[in-house]
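Undergrad: Mind looking over this structure? Questions follow.
The values are calculated or read from the model by the stated rules, or taken from the named source; none is laboratory data. If you're wondering where the values come from, they're calculated on a predicted model, not measured in any experiment. Glycine also receives a Cβ, built like all others from the backbone with ideal geometry; neighbour counts cover every protein chain displayed.
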Amino acid sequence: MDLGIRQGVRGSAIVGLLMMAGAGSVYASGHGPVFGAATPTLGKGGWSFDQAGMGQVMEGPVNTGALLRSMISFGITETLQISGSLPIPLGETTAMPSGRMMAMMSGNPDIESLVGWRFQTRPVGEGARFESTAYVGGLLPLDTHRGGIATSPAGLVSVTSGYASRSHYFWAGASHLHHAERDGDRLGSVTSFSLVYGYRAPAWRKDYPKPDLRFFVEATGDITGTSLHGGQPMAETGARIALVGPTMLLLYKAYAIEGGVLFPVYQRNGAMQPEERFRFGLNFTYFFWPSKGKGH
C-alpha cells in the first residue's frame, strides 16, 4: 500500500479512537456523505469535530497527495453554521493540484473557513423534507508553490439542494473555487459538481442511541482551469474528471465514522497533470449539543 495512504488511514484512525475514548453523554445528528455536497447543518448551539484523512493516488511516479484535516463546526442558529479546518500534510507531491477532495474540506495544505446557510426547508411528506444550503468561504495556503506555481488566497462559493427522508437521500451540488493572482502566477480555478444517493435499510433505521448505518453512491466531477505563470496561460495545465464510487456512514451516539473511494470514469488532463487512479477518504466525527438539541 502507498505510504501516503497508510499514513492517512492510520492518522485518522488514531485520532478517531481518542475521540471515542474521551467523549461524554451527547446526542449525534444526521451527517452527509464523504465527498459530495449535502444540506444538513448543525442545530443552534451544537458543534462538531471532524478528523479526516484523504488523498489522490496518481498514475506513474508522482507521489500520492495525502493529508489529514481537522475541522470544527458550530451552529449559530438552526440554519446558520460556521466551520474552520486546518491541514496536516503527509509528505509532499510534485503534481499540479486538481479538483476539490471533499465538499466541506480542501485536499490541499490550506487553512479554510466556511459559512453555511440552510436557506430553505420544505416538508414533502411524513418524515421527509426538501432543502437547500449555500456556503461561502475562504482559503489561505500554508505553502508557497504548487507544481511550480505561486500560491495565493482563494474564495469558494457553493450551493446544494436535495431530498432527505428516513430511508432515502438525494443531493445535487455545485461549487466554484477561484484563486487570487500573485506575482503573475495563479492556480487554475476549480468548478465542482456532485450527485449523491443514500439508502438506509429498514434494519438500520434506528434513533439515538442505536447504531445507524447508511450507504451512499457518490459521483463527483471537477473542471480545473488553466493556470497562469509569469502572467501567461500555461496551456498544458487544467483537467476534467468525473468519478463514481461507494461510501458508507455509521452513526452511534455522539460519533460518526464514514469512508469510501471514488474511481474515475472519465478524465481529460493537460500534459502537466497526471491521471488519477482513485481518491480515498476516511472521516471521524464527534458531535456535541449542550442541551441535547438536534442537528438538521
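One line per residue, one yes/no per condition, for (1) free of Cβ contacts under 8 Å to residues at least 60 places away in the same chain; (2) over 21 Å from the mean Cα position of the chain (by Cα):
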residue: 100; (1), (2): no, no
residue: 108; (1), (2): yes, no
residue: 119; (1), (2): yes, no
residue: 122; (1), (2): yes, yes
residue: 136; (1), (2): yes, no
residue: 142; (1), (2): yes, no
residue: 150; (1), (2): yes, yes
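Yes or no, residue by residue, for (1) at pLDDT 95 or above; (2) not in a loop (DSSP other than H, G, I, E, B):
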position: 52; (1), (2): yes, yes
position: 56; (1), (2): no, yes
position: 60; (1), (2): no, no
position: 88; (1), (2): no, yes
position: 97; (1), (2): no, no
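Undergrad: What number goes with the only condition from (1) farther than 23 Å from residue 80 by Cα; (2) surrounded by 22 or more Cβ atoms within 10 Å (Cβ to Cβ); (3) in contact with an Asp or Glu (Cβ under 7 Å, 6 or more places away or on another chain) that residue 137 does not pass?
TA: Unmet for residue 137, out of (1) farther than 23 Å from residue 80 by Cα; (2) surrounded by 22 or more Cβ atoms within 10 Å (Cβ to Cβ); (3) in contact with an Asp or Glu (Cβ under 7 Å, 6 or more places away or on another chain): (1).
Undergrad: Still on this structure, please answer the following. Could you list, in sequence order, all residues of the stretch 193-218 that are in contact (Cβ under 8 Å) with a residue 40 or more places away in the chain and either within 15 Å of the chain's Cα centre (by Cα) or buried (at least 16 other Cβ atoms within 10 Å of the Cβ) (or both)?
TA: Of everything in the stretch 193-218, those that are in contact (Cβ under 8 Å) with a residue 40 or more places away in the chain and either within 15 Å of the chain's Cα centre (by Cα) or buried (at least 16 other Cβ atoms within 10 Å of the Cβ) (or both) turn out to be 194, 195, 196, 198, 212, 214, 216, 218.
Undergrad: Restricting to the stretch 264-296, name every residue that is of a type in the set (A, V, I, L, M, F, W, C), modelled with pLDDT of 95 or more and touching an Asp or Glu at 6+ places or on another chain (Cβ under 9 Å).
TA: Within the stretch 264-296, 282, 284 meet the criteria.
Undergrad: What tally of residues in the stretch 87-110 results from selecting those that are over 22 Å from residue 188 (Cα atoms) and hydrophobic (A, V, I, L, M, F, W, C)?
TA: The qualifying residues number 2.
Undergrad: Now for a different question. Can you confirm whether residue 243 is touching a Lys or Arg at 6+ places or on another chain (Cβ under 8 Å) and either more than 29 Å from residue 149 (Cβ to Cβ) or surrounded by fewer than 18 Cβ atoms within 10 Å (Cβ to Cβ) (or both)?
TA: Answer is no for this residue.
Undergrad: Here is a further query. If a residue must be assigned to a strand (DSSP E or B) and over 17 Å from the mean Cα position of the chain (by Cα), how many such residues does the stretch 163-174 contain?
TA: Looking only at that region, the number is 4.
Undergrad: Out of all the residues in the stretch 141-159, is one or more over 29 Å from residue 39 (Cβ atoms), acidic (Asp, Glu) and surrounded by fewer than 21 Cβ atoms within 10 Å (Cβ to Cβ)?
TA: Scanning the stretch 141-159 turns up at least one residue that is over 29 Å from residue 39 (Cβ atoms), acidic (Asp, Glu) and surrounded by fewer than 21 Cβ atoms within 10 Å (Cβ to Cβ).
Undergrad: If I go through the stretch 196-224 residue by residue, how many of them are aromatic (Phe, Trp, Tyr) and in contact with a Leu (Cβ under 9 Å, 6 or more places away or on another chain)?
TA: 4
Undergrad: Still on this model: Quick check on residue 181: is it exposed (fewer than 13 other Cβ atoms within 10 Å of the Cβ) and touching a residue at least 40 places away in the same chain (Cβ under 8 Å)?
TA: In short, yes.
Undergrad: Given the structure, is residue 204 of a type outside the set (Gly, Ala, Ser) and touching an Asp or Glu at 6+ places or on another chain (Cβ under 9 Å)?
TA: The answer is yes for residue 204.
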